[in-house]
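First comes the structure, then the notes that go with it.
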There are 2 protein chains.
Amino acid sequence: MSEKIPYKIYLTESEMPKQWYNIRAHMNNKPAPILNPQTLKPITVDELSEIFCRELAIQELDETNAYIDIPKEIQDFYKMYRPSPLTRAYCLEKALGTPAKIYYKFEGNNTSGSHKLNSAIAQAYYAKQQGLKGVTTETGAGQWGTALSMACAYLDLDCQVYMVKVSYEQKPFRREVMRTFGASVTPSPSMTTNVGKKINREFPGTSGSLGCAISEAVEAAAAQEGYRYVLGSVLSQVLIHQTIIGLETKIALDKYNVKPDIIIGCAGGGSNLGGLISPFAGEKILGKEDYRIIAVEPASCPSLTRGRYAYDYCDTGKVCPLAKMYTLGSGFIPSSSHSGGLRYHGMSSIVSQLYDDGIIEATSVEQTSVFAAATQFARVEGILPAPESSHAIKVAIDEALKCKETGEEKTIVFGLTGTGYFDMVAYQRFNDGDMSDYIPTDEELEKGFATLPKVE
Amino acid sequence: MSEKIPYKIYLTESEMPKQWYNIRAHMNNKPAPILNPQTLKPITVDELSEIFCRELAIQELDETNAYIDIPKEIQDFYKMYRPSPLTRAYCLEKALGTPAKIYYKFEGNNTSGSHKLNSAIAQAYYAKQQGLKGVTTETGAGQWGTALSMACAYLDLDCQVYMVKVSYEQKPFRREVMRTFGASVTPSPSMTTNVGKKINREFPGTSGSLGCAISEAVEAAAAQEGYRYVLGSVLSQVLIHQTIIGLETKIALDKYNVKPDIIIGCAGGGSNLGGLISPFAGEKILGKEDYRIIAVEPASCPSLTRGRYAYDYCDTGKVCPLAKMYTLGSGFIPSSSHSGGLRYHGMSSIVSQLYDDGIIEATSVEQTSVFAAATQFARVEGILPAPESSHAIKVAIDEALKCKETGEEKTIVFGLTGTGYFDMVAYQRFNDGDMSDYIPTDEELEKGFATLPKVE
C-alpha cells in the first residue's frame, strides 16, 4: 500500500478556522465561577473589565456561545505564521519500530517560538479595538513577553513588560528580542511601581519573582490612562484563543480521514493543552466520538495528579480573580525545574473540570526522562523541542512503545508547543549528565495546600 | 479585484523538486577550473576525492549535467522541514505604502535556523553512502555545525566539529545544540591535531580563527580511517544543493502565474545566493526570460563590488582547492561586522562568473541600515531575521520604495535565509544606538590583494 499521508499537512487559507471554540458551552458541568479577589463573590463583566479589556472579560465569563468569531484582523495575522504544520512523525515511528502512527502539531515556527502568539495577538487586538494606548504584562523566561511584543508591534500598541530580574539579567537575548519589537522591558522588582519599591526596600538585592512581576504589571496598568493588564495562560479567554491549535489539527486529520486514538499535551497553566484538546473533548462530551486524552505534567509540579480541586488565587500576587481548579496552593514553591512554563501551582478551570469529570486523564513524568525523550525526538525529527513540549513527547513515545508490545496500530497526536533554543542551559546539564529529578514529598505538598484561601 | 495570492505558498510533496539544478551546464562562460593547492593544476575527481566524498567531488567538477537527481533519502529528509514557505509580504508592502509586490523565501523554519541544512543532509548522505564512519568540519558562529550535526544524527554518522574557540566559549547555546544532536564539539585550536598544537604553542591563549579550525578539521579527517572533510559554503556542490531554494521558489511563483522582476539575495560565500537565483539566471542565460538579479554584500567585506576577479585560496588555511573568483584576498581581515556569515574574502566561482558576465548585478550596504531594515521587517512581518538575511531585506525595501516613487507595480522576490535568535548581541548594540559602520579603505583592500597567490 502506498503511503498517502504527507510528512506535513498544511491547511490552505480557506480551510483555516474562522471561529474559536468555547468548550464550556458543551460541558455538562461548567467550571465554577471565578471570584472577585476583594469580595470573593462571582466576578462580573464590569468588574473584570477594570483589569482586562471588555471583550476579553466577556469571553472570560461566556459559558453559552460554543463558537466565537475570529476577527478578520486576527485571521490576517494568523496567516503570517499559521497554519502550523501537523507533522506525521515517520522518522520517530521508524526509530521506535512501532506500528503506531504518530502526529504532532508544531507551534514553534514563529519568532516567539511557541503557541503564545495565538493569544497575544487576540488580546492586543481587543485592546487596540477598545481604543487603549497599551498593555502591561509580566514575563519570566520571556516567551510570553516576546509574543506580546510581536503582537503589539504589529498593531502599533505600546507594550510594557515586567521581566523577572534574574531572567532579565541571565536571558539578555529574550530581552533584546522584545526590545527589537519595540517593547519596553523593565527588570522586576523595579523602582517604577509602589509594589516594586516596597519589595526592593524590604529585600534589597532580590532577583525577583513572577508573583512580584504580575503585581507590578497590574499596578502599572491601573496607574496609566488607557492601559490594561494582559496574561498569557490559565485564563479561559486564553484557552479559547488557543483552540486554533486543536481546530486546525482536527481539520487536518479530517482531511485525510484520520481519527486519533490518543491525544497528548503538556500541562502548565493549561491553555495550550486546553486549546489542543477542546475540539476532541467536545466531541467526547457530546457523545460523537471517543478519545483518550492525556495531560502531562512534571512530577515536580503535579497540580492535576496530586493537587486539590479547590478555589485558589491564579497568581501568587493575589491580584487576579480566584478560580476553582486543581492546585498545589499559590504558596507552593516548585523546585527549580527547567520547564519554567510548567512551573505553575494551579491549572485552567476548564481543564480542571474536564479532568474532574473524567473527560481527560493526567500523568506526571520526571525531568531526566523528558530530556532523554527530547533528545531522541530531536535527532530523528530534526526539531529541538522546548522542555515543556517534551513532556508530551515522552508520553507519546511511551504510548507508541506500548503499541509495539501489543502490535496495535493506534494513532497518537501530540502537541509540540515550542522550541528549546533558549533552554540550552538545561540541555547542557542533561548532556553533561548533571540533571537530577525531584518529586515533592507529601509534607511539602501539605505546606502548599495550607496556603489555599478559605472560600465558602 | 479580490486578492488570490495567499500569505504563504507551500508546495505539496508531489510538487517538490526531484532534481537539483546545475547552472554551469547552461553557462556560456564556465567558471575557470579549480586548482589543486599543491600543484596549482586543475584538480581531478580522484584528487578531490581525497578530501571530499567521491560523489561530491564529481558534482564539484560537473559542468555538463544541468539536472542532478536528488536521492530518495534526501528527498525524505527535505520533507521533514521543506518546502519552506514563499511568503507574500503583505504587511511590509502596506507599511511601506508601495505598489510593489514583495515575496520572500524563508529558510529559517528548521532547528539549524538557516538554509545550511539543505547541503548538510546531502553531504552527510553521500558520506554515508560511501560507507564512511564520519565527517569533520569547522564552524564559526555555529550555524553550519548545527546543520551538519542534525544531518549526521539522522543518518547515524559521526560528526566532529572544530569550533572557533571564542565562539565555543561565548556561544555555548550553539555548542549545546550540536552536542544534543550527538556531535563532538572541540574548541579550536585544540590539542588533538598537529596544527592545533603548533598554534597553541606559538600563540598561547589565542581565541582561534576559522582558518585554523578548517586546517584542524581537514587534518582530523585525513588522520582517521573512513572520514572526510565537509564544507558549508563557497563550493559548487553546495550551491547545487542550495538550488532547492530557487527551484521551490520558481514552482511556487509559477503556480500563481507570478513572474518576478527583481530577485535579491545576500552574498557571503555565495551558495545560498546561487541556489536562490540559479533557476532564474538559467532562464536569463537561455534567453527565455529577463530578470534583474541583485547580490547584496556588506560594505565591510565587498568581494563582488570592490574585489578582484582572480585565482585565490577558498580558505585562509590554504588547504582547499583554489578557485577563480571575486576576492579580497585570503589575507584580507574583515572588520568585526556582526554578519559573520558574510565575512568571507571570496565568492562562489559560479556566482563570480555570472557577475562577470553581467547576468547578475551586485551592491553593498552598511550595517546600521541593514539592522534598521531588519527591525522594520520584524515588526510588521513577525520574523526576527538573521543579520546576513537582512542585507537582502534592506535592498528589497529600497527597491520597493523606488516603486512607490515611480508607481511601478514591480514584483520583488528576496531570500530570507535565516533567523537571528543567536545574534541578539548585535541587535542589542543596534537597539542601544551603539552600532557603527565600517568601510575598508583602498589601502586596506590593497593589503588583502597583496596576499593573492601568483597563478599563471
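The values are calculated or read from the model by the stated rules, or taken from the named source; none is laboratory data. Since this is a predicted model, take the numbers as computed values, not measurements. Note that we place each Cβ from the backbone using ideal geometry, even for glycine, and neighbour counts take in every protein chain shown. For the accessible areas, the whole protein counts, side chains as well, though only heavy atoms, and no ligand, DNA or RNA atoms are used. Shrake-Rupley method; radii C 1.70, N 1.55, O 1.52, S 1.80 Å.
Of note:
- Shape of chain A, Cα gyration tensor, a/c cut at 1.5: rounded
- With respect to chain B, whose longest principal axis is taken over its alpha-carbon atoms, helix B:271-285 is tilted by about 60°.
- A cut-off of 5 Å between modelled amide H atoms, ignoring neighbours fewer than 5 places along the same chain, links A:S188 with A:M163, A:V164, A:K165.
- With the label put 7 angstrom out from Cα along the Cα-to-Cβ vector, A:D398 ends up 5.7 nm from the copy partners, going from closest to farthest.
- Rounded to the nearest 20 debye, the dipole magnitude of the protein assembly as shown is 160 debye, with +1 charges on Lys and Arg beta carbons, -1 on Asp and Glu beta carbons, and the Cα centre as origin.
- Residue-by-residue Karplus 3J(HN,Hα) for the range B:85-95, coefficients 6.51, -1.76, 1.60, Hz, glycine and proline x: x, 9, 9, 7, 7, 3, 5, 5, 4, 5, 4
- Restricting the trypsin sites (Lys or Arg not before Pro) of the range B:390-456 to loop positions (DSSP other than H, G, I, E, B) with no more than 15 neighbouring Cβ atoms within 10 Å leaves B:K454.
- Partner shielding of A:270-278 amounts to 0, given as the average count of beta-carbon atoms from other chains within 10 Å of each residue beta-carbon.
- Cα gyration tensor, the range A:149-235 - rounded (a/c under 1.5), prolate or oblate: oblate
- Accessible surface of the range A:151-301, 1.4 Å probe, proportion on carbon and sulfur as whole %: 49
- Along the range A:228-234 the Karplus relation, 6.51 cos²θ - 1.76 cosθ + 1.60 evaluated at θ = phi - 60°, assigns HN-Hα couplings of 9, 9, 10, 10, x, 8, 6 Hz to successive residues, with x for each Gly and Pro.
- For the protein assembly as shown, alpha-carbon Rg and Dmax in angstrom: 27.6, 94
- Per-peptide average of other Cβ atoms within 10 Å, ordering B:364-374, B:279-289 highest first: B:364-374, B:279-289
- Close amide H contacts of B:Y67 (hydrogens built in the peptide plane, cut-off under 5 Å, sequence separation of 5 or more or a different chain): B:N22.
- Within the assembled protein chains, the solvent-accessible surface assigned to A:Y67 is about 120 Å², based on a 1.4 Å probe.
- Among B:Y78, B:N36, B:S119 the positive-end extreme of the charge dipole of the range B:1-156 (Cβ point charges): B:Y78
- Simple spin-label estimate for B:E443 and A:K288 in nanometres, 7 Å along Cα-Cβ: 7.7
- Amide proton proximity set for A:M325, modelled H, under 5 Å, gap of 5+: A:A310, A:Y311, A:D312
- Whole-angstrom gap from the range B:40-65 to the range A:340-416, using each part's C-alpha centre: 48
- Computed about its Cα centre, the charge dipole of chain A is approximately 580 debye, with only Lys, Arg, Asp and Glu carrying charge at their Cβ.
- Residue-level accessible surface for A:R343, protein heavy atoms, 1.4 Å, Å²: 100
- Cβ neighbours within 10 Å from other chains - mean over A:171-180: 6
- Look at the dipole of the protein assembly as shown built from charges on Cβ: of A:S300, A:G140, A:P387, the Cα furthest out on the positive end belongs to A:P387.
- Taking every alpha-carbon pair under 8 Å whose residues sit at least 6 apart, chain B reaches a relative contact order of 19 percent.
- Test item: A:378-386 mean partner chain Cβ contacts at 10 Å: 6
- The range B:78-154: trypsin sites (Lys or Arg not before Pro) falling in loop per DSSP and having at most 15 other Cβ within 10 Å: B:K133
- With θ taken as phi - 60° and the Karplus curve 6.51 cos²θ - 1.76 cosθ + 1.60 applied, the whole-hertz 3J(HN,Hα) list for the range B:287-297 is x, 7, 9, 10, 9, 8, 10, 10, 8, 10, 10 Hz, x standing for glycine and proline.
- Residues A:E225, B:E446, ordered by accessible area of protein heavy atoms at a 1.4 angstrom probe radius and largest first, appear as A:E225, B:E446.
- Ordering of A:180-191, B:39-50 by packing is A:180-191, B:39-50, highest average first (other Cβ atoms within 10 Å, averaged per residue).
- FRET efficiency, B:K18 to B:D254 (Cβ-Cβ, R0 22 Å, nearest 0.05): 0.90
- Inter-label distance for A:A223 and A:N194, nm, one decimal - labels placed 7 Å from Cα along Cα-to-Cβ: 0.9
- Highest to lowest packing among A:346-354, B:29-37, scored as the average C-beta count within 10 Å: A:346-354, B:29-37
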